1. Excluding ligands, DNA and RNA, what is the accessible area buried between chains A and B, summed over both sides, using a 1.4 Å probe, to the nearest 100 Å²?
2. What is the angle, in °, between the Cα long axis of helix A:3-26 and the longest principal axis of the Cα atoms in chain A? Nearest 10 is fine, range 0 to 90.
3. Determine, for chain B, the count of lysine pairs separated by eight or more sequence positions (or lying on different chains) whose alpha-carbon distance falls under 16 Å.
4. Rounded to the nearest 500 deg cm²/dmol, what is the calculated helix-only ellipticity per residue at 222 nm for chain A, with -39500 (n - 2.57) per DSSP H run of length n ≥ 4?
5. Compute the length gained on full extension between B:GLU166 and B:ILE29: take 0.36 nm times their separation in residues and subtract their Cα-Cα distance, giving the result in nm to one decimal.
6. So, by mean Cβ neighbours within 10 angstrom, what's the order for B:104-115, A:44-55 with the highest one leading?
7. Each label point is 7 Å from the Cα along the Cα-to-Cβ direction; what then is the distance between the points at A:LYS96 and A:ARG25, in nm?
8. Sticking with the crude label model, points 7 Å out along Cα→Cβ, report the distance from B:LEU74 to B:LYS4 in nm, one decimal please.
Amino acid sequence: MTKGVKICLAVVSAVFAVSLVLSIRFLTATERDPSKEDVWVEIEQDKKVLYRLNLADEPDRTFRITGSDGGWNEITISRGRICVSDADCPDHTCVKNGWLRYDYLPIICLPHKLVVRFCEGGGSE
Amino acid sequence: MTTKKLTELSMLTAASLIVFIVELRFPDILPIPGIKLGLANIFTVYAVYRFRAKEVSLMVLTRVILGAIFCSNLSALIYSLSGAMLCLAGMIPLHRLIPEKYLWLCSIIGAMLHNTGQILAATAIMGSLAVLPFYPILLTAGCIAGAFTGICAQLILRRKLKTDKE
């Protein structure tokens, strides 16, 4: 094993270890109970916050967000949970994502530049 | 470029394109954008060790552009393109440093660079850091997938070198 290989192996192992630890941390969902506490989420498109909602107060509903390019995402709120239920983007990753679960991992629709994520409470409705 | 080389490169491009399209039909392992095995990269890693930088780049560029056209997902082209370019920019100089015996290591680094390129492109397009938390997850998955594709490429290369000798 040459010195170059050793250095590469060390770098790869270090990056793998760090990212594994961070992945486990990010993929640990925080249990939230909208019947007992406020659960704030924000919906952002093109760097602008469109909605700030408290899921604890929101009635079950489905609404559509249309982007500047005409593309749309359908957001569903049900029993204190939120997801993108339908969209006309080509990859549908946002729909496959399911309910918003993780603190660090927002639901993202790259083609429509849409982000749905948990946020700190308060602020305007 | 000799005819033999041209034919070999075209064959590799076609084969990787087929693998790429077939892999799109697989169900997603995780509902996280960007995570996949990247089986088409078996051909990329193999080509890095067998052909010159220009030839490999041509092959990968053709595969990425045709792949995006064939699955009519042109908006994803920018991510695969930036990923593939960064991956090649790292793997081509590295393959001089890393002997064939450790090809899988080169493949892992390539996969990590591919993920880095994708995240950079996504950050630039979104104009926000919202995608950044996905980076360690992509890297972890990229390491595993890169090791797998690397081992596959290593087996193919070993067999090819053996038949070349005979």
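The values are calculated or read from the model by the stated rules, or taken from the named source; none is laboratory data. This is a predicted model, so every value here is computed, not measured. Glycine gets a Cβ as well: all are built from the backbone with ideal geometry, and neighbour counts include every protein chain shown. Just the protein is used for accessible areas: all its heavy atoms, side chains included, with ligands, DNA and RNA removed. Shrake-Rupley method; radii C 1.70, N 1.55, O 1.52, S 1.80 Å.
1. Details: alone 8080 and 9530 Å², together 15050 Å².
In total, this chain pair buries about 2600 Å².
2. 20 degrees
3. Working: B:LYS4/B:LYS160; B:LYS5/B:LYS54; B:LYS5/B:LYS160; B:LYS101/B:LYS160; B:LYS101/B:LYS162.
Taking chain B as the scope, the lysine pair count is 5.
4. On the way: 2 runs with 28 residues, N = 125.
Estimated from H runs of four or more residues: -7000 deg cm²/dmol.
5. Numbers: separation 137, 0.36 × 137 = 49.32 nm, distance 4.13 nm.
Extra length available between B:GLU166 and B:ILE29 comes to 45.2 nm.
6. On the way: B:104-115: 26.2, A:44-55: 15.6.
Going by the mean number of other Cβ atoms within 10 Å, highest first, we get B:104-115, A:44-55.
7. Taking the two extended label points, one gets 2.7 nm.
8. 4.0 nm
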